[in-house]
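The values are calculated or read from the model by the stated rules, or taken from the named source; none is laboratory data. Keep in mind that what you see is a predicted model, and the values were worked out from it rather than measured. A quick note on method: Cβ atoms are made from the backbone with ideal geometry, for glycine too, and the neighbour counts reach across all protein chains shown.
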Amino acid sequence: MDTALNPIRSSKRIQSLDLLRGIAILGILVMNIQSYSMPGAAYLNPMAYGDLTGANWWVWVLSHTFADSKFISIFSILYGAGIVLVTDRVARKGGSPARIHYSRTLWLLVIGLLHAHLIWYGDILVAYAICALIAYLFRKKKPLTLMIVGIITVSVHTMLFLWFGSTIEYWPEESLAGALEGWAPSQQVISEEIAMVTGSLGEQISHNSAMAVMMETMVFLVIFFWRAGGLMLVGMALYKWGVLSASRSKAFYVRGALIGALIGLPLIIYGLVMHFETGWTMAYSQYAGSQYNYWGSLFLCYSYISIIMLLAKSSILQSLQTRLAAVGQMALTNYLMQSIICVFLFYGIGLSWFGELERWQQFLVVLGIWLLQILWSKPWLSRFRFGPFEWLWRSLTYRKKQEMKKTQPG
């Protein structure tokens, strides 16, 4: 049997990557909860729906400052690192890196499409799979080349958005009206969205599928391809430099944490202040105004990575680290389970809370799901080699049913 066609054993995993992945998968729920529980416009424009005073204001501001685009950036970086990690391991064992990568990626695309169209339109797996098809071609490049090409790729989105924002006055009337309606929808449009999401299963799937198509086409072409694809290349570079395996010095990570925060936070906060000063207009906030967080989040993301690597190098909170790493080892399962749980809570197939919970109440749901996933991941992995969806993904990738139960430690 070709040992290259077997997934890595848990005893040989890089703990710092699992820890980073676990924190990222929990962190992205802070932002995703808004799309699960509120009309879509509220994600980009907090003035579009719901109360934004008192505790709700604080939850939104803190979420925007410390979570929006930060954890999904870490996840994108890790996906790029994973491409190098998996293909290098396969190559060392004499297997075909291309065969495993493209099999792995195409099955992820299938899982993502099912997730997006049947469960929740905000899926990121489809975008990752498409970007990974191209990112693989760069896996052997030098780290500096990967970093430069990655940053240039990430920058394309900024150029597109600055161009869109500067040409609004020349847009056809119909296009402008549609964009404004999407940014700040009327009460009728909001009511129709709530009715579909809390309606029959057919209405929910129809809504999801329509939104998923938009995410997989227009949104992918102007945002996800450049951001996720570019950060995958950045992740390859950081992995090759040893940054993500906690193998650099403590001083290196302390510098990274400080520099990332000192650049990122002022950019994010300035952008936040400007949104409110300009009244959250589409012409400013959706385009030029969004770029402060777009770039500030990258610096703060690097600060988070550095802090988590410092944690991984230490014995601080070792029990919690182990549990968070287990969450990361089951990242696909935990990501999909977040959708399944939230769809049950907010959609018509379940409790129909969509549009009902205020932002501070949404955060209580986040805390509950965090607790559940932190508590269940480690006991599951003490008995089984993979999470349920990881088992399915690997069985499809390696074209054979994987052994699920652990027969021996590791």
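The table below gives the values:
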{"item": "Residues of segment 71-125 classified as farther than 20 Å from residue 18 by Cα, of a type in the set (A, V, I, L, M, F, W, C) and not in a helix (DSSP H, G or I), total", "result": "1"}
{"item": "Within segment 1-70, helices (runs of 4 or more DSSP H) holding 3 or more residues that are modelled with pLDDT of 95 or more and within 18 Å of residue 328 (Cα to Cα)", "result": "15-37"}
{"item": "Test result for residue 198, modelled with pLDDT of 95 or more, over 30 Å from residue 13 (Cβ atoms), under 20 Å from the mean Cα position of the chain (by Cα) and not hydrophobic (A, V, I, L, M, F, W, C)", "result": "no"}
{"item": "Subset tally (residues that are charged (D, E, K, R) and assigned to a helix (DSSP H, G or I)) for segment 337-396", "result": "5"}
{"item": "Top-ranked residue in segment 177-188 [being out of contact with any Leu (no Cβ under 8 Å at 6 or more places or on another chain), part of a helix (DSSP H, G or I) and touching a residue at least 40 places away in the same chain (Cβ under 8 Å); ranked as nearest to residue 37 (Cα to Cα)]", "result": "182"}
{"item": "Where a residue in segment 55-72 is under 17 Å from residue 271 (Cβ atoms) and its partner, wherever it lies, is of a type in the set (Gly, Ala, Ser) and crowded, with 18+ Cβ neighbours inside 10 Å, with Cβ under 6 Å and at least six apart", "result": "67/27; 69/297; 70/297"}
{"item": "Filtered residue count, segment 126-153, keeping only those that are touching a residue at least 40 places away in the same chain (Cβ under 8 Å) and either closer than 30 Å to residue 350 by Cα or of a type in the set (Gly, Ala, Ser) (or both)", "result": "6"}
{"item": "Search result, residues across segment 126-174 that are among the polar types (S, T, N, Q) and not in a helix (DSSP H, G or I)", "result": "167"}
{"item": "Selection within segment 196-218 - of a type outside the set (A, V, I, L, M, F, W, C) and part of a helix (DSSP H, G or I)", "result": "202, 203, 204, 206, 207, 208, 209, 216, 217"}
{"item": "Residue identified as of a type in the set (D, E, K, R) and within 26 Å of residue 238 (Cβ to Cβ) among 378, 400, 313", "result": "313"}
{"item": "In segment 397-410, the residues that are in a loop (DSSP other than H, G, I, E, B) and among the β-branched types (Val, Ile, Thr)", "result": "407"}
